[in-house]
Amino acid sequence: VVNPLLAWTSRRRREECHLSFELTPGPEPQPAAPRTPAPQVTHVVEVAVPRPLFGTFSYSLSAEQAQSLRPGQAIQVKFGRKLTHAYVASSPIPVTDYRGSLEPEKLKAIEAVEPIVLPADLLDLGQWAAKYYHAPLGEVFQAMLPAAAMGLRSQKKQPRAIERKVFEPTPIELSSAQQRAFHGIRDAKQSTALLHGVTGSGKTEIYLMLIREQLKAGRSVVLMVPEIALTPQLHRRLEAGIGETVAMWHSALADGKRRDLWHAMHEGKIRVAVGARSAVFVPLKQVGLIIVDEEHEATYKQEERFRYHARDLALVRAKSAGAKVVLGSATPCLETLEAARTGKYYWSKLTERYSKRPLPRIETVQMNQAKVRHEAGIPVADAVIKSVRETLERGEQVLLFLNRRGFANFLQCDDCGEVVECSQCSVSMTVHHGGKHLKCHLCGEQRPAPSTCPSCKSYELKVSGGGTERLEEALPNWISNAKVVRLDRDQVTSTKRLEEILGSFRAGESNVLIGTQMLVKGHDFSGVTLVVVVNADSLFHWPDFRAPERALQTLTQVAGRAGRGEKPGRVMIQTRQPDHAVIQVLQSKLSIDDFLNEERSLRQELQYPPFGRLIRLRVDSAHRDDSRKPLEFVRDQLEAQLGGRIQVLGPSEAVVERIKNVYRWDLILKSTDLASLHQAARMARDWAVRHKVELSVDVDPQSMG
Ligand code: ADP
Ligand code: ZN
Ligand code: ZN
C-alpha cells in the first residue's frame, strides 16, 4: 500500500520539474497545508483536443473530478505548453485499469471543467463521423461545440437568455398538389423522403407545414440550406410561417450570439434552427425532422480539415434520433435519385409550379453563328442585347449569369501568349479596376499590373477573358436605361452588403443583376422575366465525372429564377454546343429520364458513386516531388495488400496543382467494398503519420479537382 502522503510529495516534485521547462516559471510552489492535501490521482480520462492530430490524450483526474466529468464535457487542458479547450472523449477509468505507457501520476491534470456538455446524440454522431471521415475527434467535437458556443470567446461565459417570441403564424393554404406531397411525406413508411419539385413549385410551403406538425408533436426541426447568403430572407419567411423564434445558425455568427443560441437550443427554448452545413450539429432537443433544401448542392460538403458532408450526416443523425429527413431539390443528385428509385427513400414529385405559373421558355443563342460584341471580354450576342433592352423597356428585370470558373479577366501577352500568373499558385491572376490591379482568387495575393510581359518583355499585355466587372461596365454603353448591380464574391463582403444589393434590386432601384454562382441559390425575384446564361459551355468542360450532372443542376436553378412572378419567364443560353445533352434536357428535347439513365449506366460501368465509393488521398508539400512520391509509394503498398478489393488511381496533380506555394497531388481509391476502402485509408494515414507526410483523407469527395 502506497503511503498517500509520499505519493503526493513525489507528484509535487515532478510538477516542479515540469515547471522549470516553462518560459516564465510561476511562483515557487508552496507546500500545501497538511490538512488539505492536493487531490490524489485516482482516474484517467481520454481527452479529444482540437488539433489536426489523431488519437486521444490521457489526463489524470481526482476521484471527485472523475465523478462529475461526463463524455462530451468541455474542459480546458494544457496541451504542450498551451492552454486549450478540449472535450472529454470517454468515461473516466480507475488508474488500476489504465494501460497507457506513462504512469498515471505523470499525466497532466485537467486545468478547468466547463459547465457545458455535448448532448448524447451529438456525441454519438461525432464519434461516428470521426471514424467515417478519418477526422481527428477533437476537430469534430469542435465543429459541434465551438469555443464560441462555450462562451470562451466572450467576456461573459454566461449566456444571455434569448427572448422567445410566439405569435400567430401567417396562414398557409397548400395547393392540391402541395397537399398531396405533404401528406405523402408525412405518412410515408420510409424515414427519408425526397421532395423532388420543379423550381417555383413551392417546396418551402411544404417545409413549413411539415415543421408545424413536428412542433405540435413536441419535437424540434433543423432546416438546412446551402448558402448563408440565402438565409436572411428565408429566416423571416420561416418565423412568419410557424409563429415562433427561429435560430439562425451559420459561420458568420458573432461569438456572443453563438453562445446564447447554443444554450437556448440546448435548453429547449428554441425549437427550430435554420442554417448552412454546420446546422447539422445544432444541439436542438428531440429532433423530429431534418430538412435539407437543395440537397444536391456541393456547398454541403466541408472541403477542409474535417471534411464532412452535411446531408449525409443529417441522415446519420436522424437515424439515431428517430427523426425523419426530407431532401428537397428540383435536380437531386444521382446518389439520392438512386435511393428513391429503389424505394429506400419515399419519392414525392411536384411537376408544376405553384398556381400553374408556366416554367420559363428556354432558347439557345448559337454563338458560332450569332452576331456578337466583344467589348466585355466575353462574347455577347446582339440578339441577347436586343432582348435585354426590350425587357427593360417593359419595366421588367433581367438576370445575367456568368460562371466565374476560368472566365475572370486575365492579362495575356499578345506577342508570346504568356498569361500573368500568381507567384504562389498555378492559376492566372484576375484583373481588377480596369486593368490596373491584379488579384489571386485562391490566396488573395494582390499587386499592380505589370506594364511588360514577364516572359518576353513585350508591352503588348492585353486584358482577356470576361468577368462580371467588365460586363457591368459594358452594359450601360449598349443599353442606356440599364441600371446594373453585381453580385459576386468581390462585391459581397458581408451579409449586410448582400441584403443591400438584393434589396435594391427587389425594390426596382436597379433593373439588371449580374452574378456568379451565388445568384442561382434560390432567390425569389418576382420582377425577373429574362435570364441570360452568358457562357454555358464553361460548365461542360470541368474534369469531373459529375460535370454533366452539375451543369444541369446549375442551369436548371438559373433558369428557375425567370418568371416567378405574374409574368412568364424566358431564358437565353449562349452556347457553342446547342446539341449538348444538358441543353437538350433543358429544352425538353431529351427527356430527363433518358439523360439520367445514361449518366447512371456510365457511373455503373465505372463504379463511380452511387455504385462504388471513392476516397481521395492528398499530399501537400512545398516541393513537387515530395507531394507525388509518397503517393507512389502508398499506391504500391495498397495495391500489393488490397489490390483485389480496391482500385487505386493516380497519383495525379490536383486541377490547381499549386496554391500558396504548396503542391497538391492526389490518389483516388475506388471500390464497392466500403470496409476495404476505409482500411486502405487507415493504412495510408498511419504510414503518413510515421513518415511525417502531410496527407489528408477526403471520404466521398465531391469535386475531383
Ligand atoms: P421552390 O422552393 O419550390 O422553388 P418556393 O417555395 O420559393 O418554390 O415558391 C415559389 C413561389 O410560389 C413563392 O413566391 C411562394 O411564395 C409561392 N407559393 C408557393 N406555394 C404557395 C402557397 N401554398 N400559397 C401561396 N404562395 C405560394
Ligand atoms: Zn510575352
Ligand atoms: Zn495565389
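The values are calculated or read from the model by the stated rules, or taken from the named source; none is laboratory data. What you see is a predicted model, and the numbers here were worked out from it, not measured in a lab. Ideal geometry is used to build each Cβ from the backbone, glycine not excepted, and the neighbour counts take in all protein chains shown. These area figures cover heavy atoms from the full protein model, side chains too; ligands, DNA and RNA do not enter into them. Shrake-Rupley method; radii C 1.70, N 1.55, O 1.52, S 1.80 Å.
Once you sort the root eigenvalues of the Cα gyration tensor of region 596-705 as a ≥ b ≥ c, which label holds: rounded (a/c under 1.5), prolate (a/b larger than b/c) or oblate (the other case)?
In terms of gyration-tensor shape, oblate.
Here the label points at His691 and Lys483, each 7 Å from Cα along the C-beta direction, are separated by 6.3 nm in the simple model.
I need the calculated FRET efficiency for the pair Arg624 and Gln190, taking r as the beta carbon distance and R₀ as 45 Å, to the nearest 0.05. According to the calculation, E is roughly 0.35. Counting only residues at least eight positions apart within a chain, or on another chain, the aspartates and glutamates with an alpha carbon under 13 Å from that of Lys106 are Glu15, Glu16.
Dipole size in debye (nearest 20) for region 571-704 around its Cα centre, Lys and Arg Cβ +1, Asp and Glu Cβ -1?
Values: 20 positive and 20 negative charges, 85 e Å.
Charge dipole of region 571-704: 400 debye, to the nearest 20.
For each pair in Lys216/Lys356; Lys371/Lys462; Lys189/Lys324, compute the distance between the two Cα atoms and list the pairs where it is over 19 Å.
Values: Lys216/Lys356 31 Å; Lys371/Lys462 23 Å; Lys189/Lys324 10 Å.
Violating the 19 Å limit, Cα to Cα: Lys216/Lys356; Lys371/Lys462.
Over region 235-354, what lengths in whole Å, largest first, do the semi-axes of the equivalent ellipsoid take, defined as the square roots of 5 times the eigenvalues of the alpha-carbon gyration tensor?
Numbers: eigenvalues 132, 60, 43 Å².
Taking √(5λ) for each Cα gyration eigenvalue gives 26, 17, 15 Å.
Each DSSP beta bridge with both residues in the chain is either parallel or antiparallel, and the antiparallel ones are about 55%.
R0 = 22 Å: FRET efficiency of Glu105 with Arg70, Cβ-based, nearest 0.05? Before the final figure, lay out the partial values.
On the way: r = 24 Å, r/R0 = 1.09.
Plugging the Cβ-Cβ distance into 1/(1 + (r/R0)^6) gives 0.40.
Relative to the dominant Cα principal axis of the chain, helix 120-132 is inclined by about 70°.
By how many nm would the segment from Asp673 to Ala370 lengthen if fully extended, with 0.36 nm per residue of separation less the alpha-carbon distance?
Values: separation 303, 0.36 × 303 = 109.08 nm, distance 5.08 nm.
Result for the pair: 104.0 nm of gain on full extension.
Note on Ser423 and Gln587: the model spin-label points, each 7 Å out from Cα along the C-beta direction, lie 4.9 nm apart. Shape class for region 406-497: oblate, because the ratio a/c of the largest to smallest gyration tensor axis (alpha-carbon atoms, square roots of eigenvalues) is 1.5 or more and b/c is at least a/b. The 1.4 Å probe gives accessible areas that order Tyr346, Tyr207, largest first, as Tyr346, Tyr207. Global size of region 616-671: 11.6, 38 Å for Rg and Dmax (C-alpha atoms, Rg to one decimal, Dmax whole). Each residue of region 52-69 was assigned a 3J(HN,Hα) from its phi angle through the Karplus expression (A = 6.51, B = -1.76, C = 1.60, θ = phi - 60°), giving x, 10, 7, x, 10, 10, 8, 10, 8, 9, 7, 4, 5, 4, 4, 6, 8, 6 Hz with x at Gly and Pro.
The Cα atoms of the chain cover 95, 69, 53 Å along the three principal axes, with the biggest extent listed first. A Cβ-based charge dipole, computed about the Cα centre of the chain with Lys and Arg at +1 and Asp and Glu at -1, lands at about 1340 debye. Over all Cα atoms in region 77-233, the spread is summed up by Rg and Dmax: 22.6, 70 Å. Taking a point 7 Å from the Cα of Glu598 along the Cα-to-Cβ direction, none of the residues of region 306-339 has its backbone N closer than 15 Å to it.
With respect to the chain, whose longest principal axis is taken over its alpha-carbon atoms, helix 176-187 is tilted by about 20°. For the pair Gln577 and Lys216, the difference between a 0.36 nm per residue extended length and the Cα-Cα distance amounts to 124.8 nm.
Principal axis analysis of the Cα atoms in region 247-318 yields extents of 31, 27, 19 Å, listed in decreasing size. Per-residue accessible area (protein heavy atoms, 1.4 Å probe) orders Thr554, Thr351, Thr364 as Thr351, Thr364, Thr554, starting from the largest. Working from label points 7 Å from Cα in the Cα-to-Cβ sense, the Thr342 to Arg389 distance is 5.6 nm. Taking GluC sites (Glu not before Pro) across region 159-262, the ones in a DSSP loop with at most 15 further Cβ atoms lying within 10 angstrom of their Cβ are Glu163, Glu173.
Please give the net charge around Gln587, taking every other residue with its beta carbon less than 14 angstrom from that of Gln587, where Lys and Arg add +1 and Asp and Glu add -1. Can you show the working numbers first?
On the way: positive: Arg361, Arg570, Lys589; negative: Glu363, Asp579, Asp594.
Net local charge, Gln587 excluded: 0.
Looking at Cys333, Val365, Leu313, which one has the Cα that reaches farthest to the positive end of the dipole of region 307-367 (charges on Cβ: Lys, Arg +1; Asp, Glu -1)? Farthest towards the positive pole: Leu313.
By per-residue mean of other Cβ atoms within 10 Å, what is the highest-first order of 48-58, 523-533? If you can, show how the numbers build up before the last one.
Values: 48-58: 18.1, 523-533: 21.6.
Listed from highest to lowest mean packing, they are 523-533, 48-58.
Angle of helix 495-506 to the longest C-alpha principal axis of the chain, folded into 0 to 90 degrees and rounded to 10: 20°.
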